Amino acid sequence: MANGNFTRVTEFILIGVSERPDLQIPLFFVFLVIYGLTVTGNLSIITLTSVDSRLQTPMYFFLRHLAMVNLGNSTVIAPKMLINFLVKKHTISFYECAIQLGGFLVFIVAEIFVLAVMAYDRYVAICNPLLYMAVVSRRICLLLVSLTYLYSFSTSIVTSFSVFSMAYCSFNVINHFYCDIVPLLALSCSNTSFPETVVFISASTNLMFSITVVVASYFNIIVSILRIRSSEGRKRAFSTCASHMTAVSVFYGTLLFMYLQPRNNHSLETDKMASVFYTLVIPMLNPMIYSLRNKDVKAALKRFLTNSCC
């Protein structure tokens, strides 16, 4: 297939969210607002959990890294997407495309594992409160986060290399708003069985491990909460993990909707809409979820604003 009269691809064309010219400017402003809220919300979480002495606990340490991952994931996708709304030629170079896919994979894999680590943190806090500071010490927190980033970076390198080691000839139009694996492999003019296997093993392993940790953690959390006799105690225990449960439900709900739908109903348009949600909307929602449902974060924000004005 790759030996004929084909021209090697040096750039790709991104179709974007919509091909309709009349929607480009309205969509630009919609996604500009989404990205603006994402940057503002996640930078606020990062700042508050860094400077406020009352938020120097393992839970907020992991929340800070979730905000960093969300900000990174959105920033890898949104700027190029916003530019393409305003220009006629939606091109992205071969190497820029590879970097975008690599960055996306780093942050999406990191988010999967940070959410799992946060679930484990809540499990220890509720089920073994007396051992909490020993089990989730600062050293353990740094180790878990370091391993998460190391693993996500390694996964990104292996997966991106397997995808971009394929031959891409002549046809270069990607039916997506960023360089994603499925639409890229659909353009390849060589055998894609190896990268497809790599992607399947990596995605299934990551999701199964993360979901297992989250489900096991919350099963034990719920059992422990139900054993608490006072309603006030149950309410207090539940409130410490309600924000994370909401964030986990939204994130995994989107991924499971995308990957578990019947194959005959599966389409690139559906993938595109799901991708909008977990690359742009969820990173915007997470700071709101953790701020609106968390008294400590709201109190820290008030203190920060008060000190800034003085």
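The values are calculated or read from the model by the stated rules, or taken from the named source; none is laboratory data. Remember, predicted model here, so these are calculated numbers, not experimental data. Cβ sites come from the backbone with ideal geometry, for glycine too, and all protein chains shown count toward neighbours. The area values use the complete protein model at the heavy-atom level, side chains included, leaving out ligands, DNA and RNA. Shrake-Rupley method; radii C 1.70, N 1.55, O 1.52, S 1.80 Å.
The residue that is surrounded by the fewest Cβ atoms within 10 Å (Cβ to Cβ), counting only those in the range 196-211 that are in contact (Cβ under 8 Å) with a residue 24 or more places away in the chain and over 19 Å from Leu101 (Cβ atoms), is Phe209. The residues listed here are Lys88, Lys80; of these, the one that is open to solvent by 30 Å² or more (accessible area, probe 1.4 Å), part of a loop (DSSP other than H, G, I, E, B) and not small (Gly, Ala, Ser) is Lys88. Would you say Gly72 is under 17 Å from Phe251 (Cα atoms), touching a helix residue (DSSP H, G or I) at 6+ places or on another chain (Cβ under 7 Å) and surrounded by fewer than 22 Cβ atoms within 10 Å (Cβ to Cβ)? Yes; evaluated as a whole, the condition is true for this residue. For the range 119-143, a residue qualifies if it is open to solvent by 50 Å² or more (accessible area, probe 1.4 Å) and closer than 23 Å to Val106 by Cβ, and the qualifying residues are Tyr120, Ile140, Leu142, Leu143. Sort out which residues of the range 152-195 are closer than 18 Å to Gly102 by Cβ, open to solvent by 50 Å² or more (accessible area, probe 1.4 Å) and touching a residue at least 40 places away in the same chain (Cβ under 8 Å), and write them in order of number. Those that are closer than 18 Å to Gly102 by Cβ, open to solvent by 50 Å² or more (accessible area, probe 1.4 Å) and touching a residue at least 40 places away in the same chain (Cβ under 8 Å): Phe153, Ile157, Val158, Val182. Counting just the residues of the range 214-234 that are open to solvent by less than 40 Å² (accessible area, probe 1.4 Å) and not small (Gly, Ala, Ser), which one comes out modelled with the highest pLDDT? My answer is Val214. Selection of the range 194-232 for residues being small (Gly, Ala, Ser) and part of a helix (DSSP H, G or I) yields Ser202, Ala203, Ser204, Ser210, Ala216, Ser217, Ser224, Ser231. Could you tell me which residue of the range 12-36 is modelled with the lowest pLDDT, considering only residues that are part of a helix (DSSP H, G or I) and either in contact with a strand residue (DSSP E or B) (Cβ under 8 Å, 6 or more places away or on another chain) or crowded, with 16+ Cβ neighbours inside 10 Å (or both)? By that ranking, first place goes to Gln24.
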